[in-house]
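Undergrad: Structure in structure tokens, see below.
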Amino acid sequence: MTAPVASLDIFDTVLTRRVGAPAAVFYFVGRTARARGLTALAPEAFASERYAAQKAARLRVTSREVSLELIHRELAERLSLPPDKGAALHALELAAEAEFICAVPGVHAWLATVRARSPRVIFTSDMYLPSDFLRARLIEHGCWQEGDGLYVSGEHGGSKRSGALFHTILAKEKLAPAHLHHIGNHAESDFAVPQRLGLTATHRADANPNRYEEDLETFSAATSGLASLHAGASRLARLATAASTAHAESIREVAAGVAGPVLSSYVRWLLTAARRRGIVRLYFVSRDGHLLLQLARQFAPQLHPDVELRYLHGSRRAWHLPAITSLDTAELAGVFDGADFLSVTSLGERVGLSADEIPNSLAPTTIPSADWDLNLSARDRIQLRAALQNPSVKTAVEQRAAAAREVLLAYLQQEKLLSPDRCALVDVGWHGRAQDSLARVIRSAGFPAPEGFYFGLNSSSGVPDLGERHAWFFDRRSELRPANAFPGIEPLIETFCTADHGLTIGYARTATGVRAVLDSPPTELIPWGWSTLSAAITAYGQALAVAPAVEADGDAVRAMCLSALKLFWQTPTLAEAAAWGAFPYEDAQTGATPQPLASALRWSQSAKILLHGRTGPHRAAWWHGSLQLTPPLRRSALAIAHSVRRAAKSFKQ
């Protein structure tokens, strides 16, 4: 709509803060105040006193609109501060606000369209901050032009919410109500109230916190304000990430509101732990390490500036064969154990046998070639284990393992992993088998095995010589934080930590060194929306990297992350279930081709749910997403069947 004058709300319309809630700024004022000896209060206690002072100051004025000066006068009285310290606190808050205030992403292009429609622009705010301070911020962030106006409730004695500030604007600007178009983020103050007064109004709510940002904010006190920085980074990331469809919007919302805080918290923990342990190089293992590395590059200058960050192409498939030195019982256990899915073809790949060699090498076998890509039965596995112990087969496998090991060692030498330096691998989890294999190769060359940092661990070899392992979110080896390992956590984190390149299947020498040989890239990932996921997580890291470093209780940070993960995974919206349910999940444990995480459930699945507890076509199937996509009547019936199955299982235990 057009009008001669456009009135623009300032906060969360034109400018915003790098925290989720405005009051979170008080934590950081309190932290600085204590560091400078102005108060002895902890940041949380100071924030509480500052908020109480604001409420008390409002009760002292009939207009219920107060200035920052009045608030700090009240605060100084509450804290029994001398005038100089009270003035210093006042200045500290203004400095903190200046540090945290930033432009809403995309606002400059939007402002240009507003100015094209309305010859004059005025900025308005229900705010205690002084107008000269707000004008300076608008200028600083490129939003102010010569001739613009500014009206602040704390200086005019009336608010937008009461309507008094709009009356003041109309009188001073000599405008009829129909000639003023107000735009803002608050449904009441910026939309309903001006409409009742006869103004035209537009509700612009993009910068309002979404459900994930509101949830993050609830952990602000427990984390000394850190959770609010995460909420602010989420808002900035989603506003900065383009999304032209509802599908892309759902990817962006979850990437910024869930994946961003969770993965960033993990990366910040591992960087801090690596610094304390004297790690000089961190190797982010493909493919799960791809986005984690992008985040680490953003946070390392602040948390571990001396560390070298590298991307290491590798996988269990690429590292297991080179780790075989003698195909004895222990090595065979490594080939067969821990493989939920194992086919004739994948077994051949594990031991370096091509498809042409399988018939002779793995004879005698009764498995027809048409079934070579199907999961082996327990009986078939016993038969093939015996076939691999044939002396000629054993020798062939060991020779190929030695050749593969030689090329892998050259790659590791090239990547500086064959070194006495203290190094560590970074991965998501879940058993550390890839680290076991790589460590055996590195130790065969006489070098110490690297350590390993993991999002979570379910188990590990427990062999000290294969490198220490450190888990952040949960560690079932020692029953550390078992509640964090809720059903679905592994596929959920793997979904967030995806990459757009193929699996590493081996290595090859070139004229200039050694390169990783990659499988075909996941063709379904790009049309699904991987670029939106990647862009949102990268934008999240950029937003959080410029925020102050905050030391917070680790368990409180993990609780914040657990809440965000469960909010999405267990209570998705219909749009989220549709978008993320379509994610092409590659289930390495079952050998399946990429399958959707979730799809509408069928009546025929009720028997499988009751008898076997199976909630989808593959082990990583997203139950809550599938329920959301299922018609209501069927959804209720199948949910009851699932509850009955769980109750029966619990009773048996």
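Undergrad: Tell me which of these Gln145 doesn't satisfy, since it passes every other one: (1) within 38 Å of the chain's Cα centre (by Cα); (2) open to solvent by 10 Å² or more (accessible area, probe 1.4 Å); (3) closer than 15 Å to Asp9 by Cβ.
TA: (3)
Undergrad: Considering only region 165-176, state which residues are part of a helix (DSSP H, G or I) and surrounded by fewer than 16 Cβ atoms within 10 Å (Cβ to Cβ).
TA: Of everything in region 165-176, those that are part of a helix (DSSP H, G or I) and surrounded by fewer than 16 Cβ atoms within 10 Å (Cβ to Cβ) turn out to be His167, Ala171, Lys172.
Undergrad: Among (1) at pLDDT 95 or above; (2) in contact with a helix residue (DSSP H, G or I) (Cβ under 7 Å, 6 or more places away or on another chain); (3) surrounded by fewer than 20 Cβ atoms within 10 Å (Cβ to Cβ); (4) farther than 24 Å from Gly278 by Cα, which single condition is Ala404 missing?
TA: (3)
Undergrad: Separate question: Quick test for you: out of Ala434, Ala386, Ala378, pick the one residue that is in contact with a Ser or Thr (Cβ under 9 Å, 6 or more places away or on another chain) and of a type outside the set (Val, Ile, Thr).
TA: Of the residues listed, the single one that is in contact with a Ser or Thr (Cβ under 9 Å, 6 or more places away or on another chain) and of a type outside the set (Val, Ile, Thr) is Ala434.
Undergrad: If I filter region 2-22 for residues that are of a type in the set (Gly, Ala, Ser), assigned to a strand (DSSP E or B) and in contact (Cβ under 8 Å) with a residue 24 or more places away in the chain, do I get at least one hit?
TA: Yes: one or more hits.
Undergrad: Could you list all residues from region 25-72 that are within 27 Å of Ala549 (Cα to Cα), of a type in the set (Val, Ile, Thr) and open to solvent by less than 10 Å² (accessible area, probe 1.4 Å)?
TA: Of everything in region 25-72, those that are within 27 Å of Ala549 (Cα to Cα), of a type in the set (Val, Ile, Thr) and open to solvent by less than 10 Å² (accessible area, probe 1.4 Å) turn out to be Val25, Val29.
Undergrad: May I ask you to list the residues in region 82-96 that are in contact with a Leu (Cβ under 7 Å, 6 or more places away or on another chain) and among the aliphatic types (A, V, I, L, M)?
TA: Those that are in contact with a Leu (Cβ under 7 Å, 6 or more places away or on another chain) and among the aliphatic types (A, V, I, L, M): Ala88, Leu89.
Undergrad: From (1) under 20 Å from Ser534 (Cβ atoms); (2) open to solvent by 10 Å² or more (accessible area, probe 1.4 Å); (3) in a helix (DSSP H, G or I), pick out the condition that doesn't hold for Val258.
TA: Going through (1) under 20 Å from Ser534 (Cβ atoms); (2) open to solvent by 10 Å² or more (accessible area, probe 1.4 Å); (3) in a helix (DSSP H, G or I) one by one, Val258 breaks only (2).
Undergrad: Going residue by residue through region 106-118, is there one that turns out to be in contact with a Lys or Arg (Cβ under 6 Å, 6 or more places away or on another chain) and farther than 27 Å from Ser162 by Cα?
TA: If we filter region 106-118 for residues that are in contact with a Lys or Arg (Cβ under 6 Å, 6 or more places away or on another chain), which is where we start, we get none.
No, region 106-118 contains no residue that is in contact with a Lys or Arg (Cβ under 6 Å, 6 or more places away or on another chain) and farther than 27 Å from Ser162 by Cα.
Undergrad: Please enumerate the residues belonging to region 277-305 that are open to solvent by 10 Å² or more (accessible area, probe 1.4 Å), under 18 Å from Ala434 (Cβ atoms) and not in a helix (DSSP H, G or I).
TA: Arg281, Ser286, Arg287, Asp288
Undergrad: Continuing with the same structure: Only helices (runs of 4 or more DSSP H) wholly contained in region 504-591 count here; list those with 2 or more residues that are touching a residue at least 12 places away in the same chain (Cβ under 8 Å), open to solvent by 10 Å² or more (accessible area, probe 1.4 Å) and aliphatic (A, V, I, L, M).
TA: In region 504-591, 530-545, 554-570, 574-581 are the helices (runs of 4 or more DSSP H) which contain 2 or more residues that are touching a residue at least 12 places away in the same chain (Cβ under 8 Å), open to solvent by 10 Å² or more (accessible area, probe 1.4 Å) and aliphatic (A, V, I, L, M).
Undergrad: Mind listing whichever residues of region 138-164 are out of contact with any Leu (no Cβ under 6 Å at 6 or more places or on another chain), in a helix (DSSP H, G or I) and closer than 27 Å to Arg18 by Cα?
TA: Result: Leu138, Ile139, Glu140, Gly154, Glu155.
Undergrad: Ok, one more. Determine which member of the set Leu75, Leu81, Leu92, Leu129 is open to solvent by 10 Å² or more (accessible area, probe 1.4 Å), touching a Lys or Arg at 6+ places or on another chain (Cβ under 9 Å), aliphatic (A, V, I, L, M) and touching a residue at least 24 places away in the same chain (Cβ under 8 Å).
TA: Leu92
Undergrad: Give the number of residues within region 492-503 that are open to solvent by less than 10 Å² (accessible area, probe 1.4 Å) and either within 19 Å of Arg405 (Cβ to Cβ) or under 21 Å from the mean Cα position of the chain (by Cα) (or both).
TA: 6
Undergrad: In region 188-211, what count of residues is obtained for those that are under 23 Å from Gly158 (Cα atoms), of a type outside the set (Phe, Trp, Tyr), open to solvent by 60 Å² or more (accessible area, probe 1.4 Å) and assigned to a helix (DSSP H, G or I)?
TA: The total comes to 3.
Undergrad: What pairs come out if I take residues in region 240-269 that are at positive phi and pair them with residues that are at pLDDT below 95 and open to solvent by 30 Å² or more (accessible area, probe 1.4 Å) whose C-beta lies under 9 Å away, six or more apart or interchain?
TA: If the second residue must be at pLDDT below 95 and open to solvent by 30 Å² or more (accessible area, probe 1.4 Å), no pairs are left.
The values are calculated or read from the model by the stated rules, or taken from the named source; none is laboratory data. This structure is a prediction, so every number in the text was calculated from the model and none was measured. Don't worry about glycine lacking a Cβ; one is built from the backbone with ideal geometry, like all the others, and counts go over all protein chains shown. The area values use the complete protein model at the heavy-atom level, side chains included, leaving out ligands, DNA and RNA. Shrake-Rupley method; radii C 1.70, N 1.55, O 1.52, S 1.80 Å.
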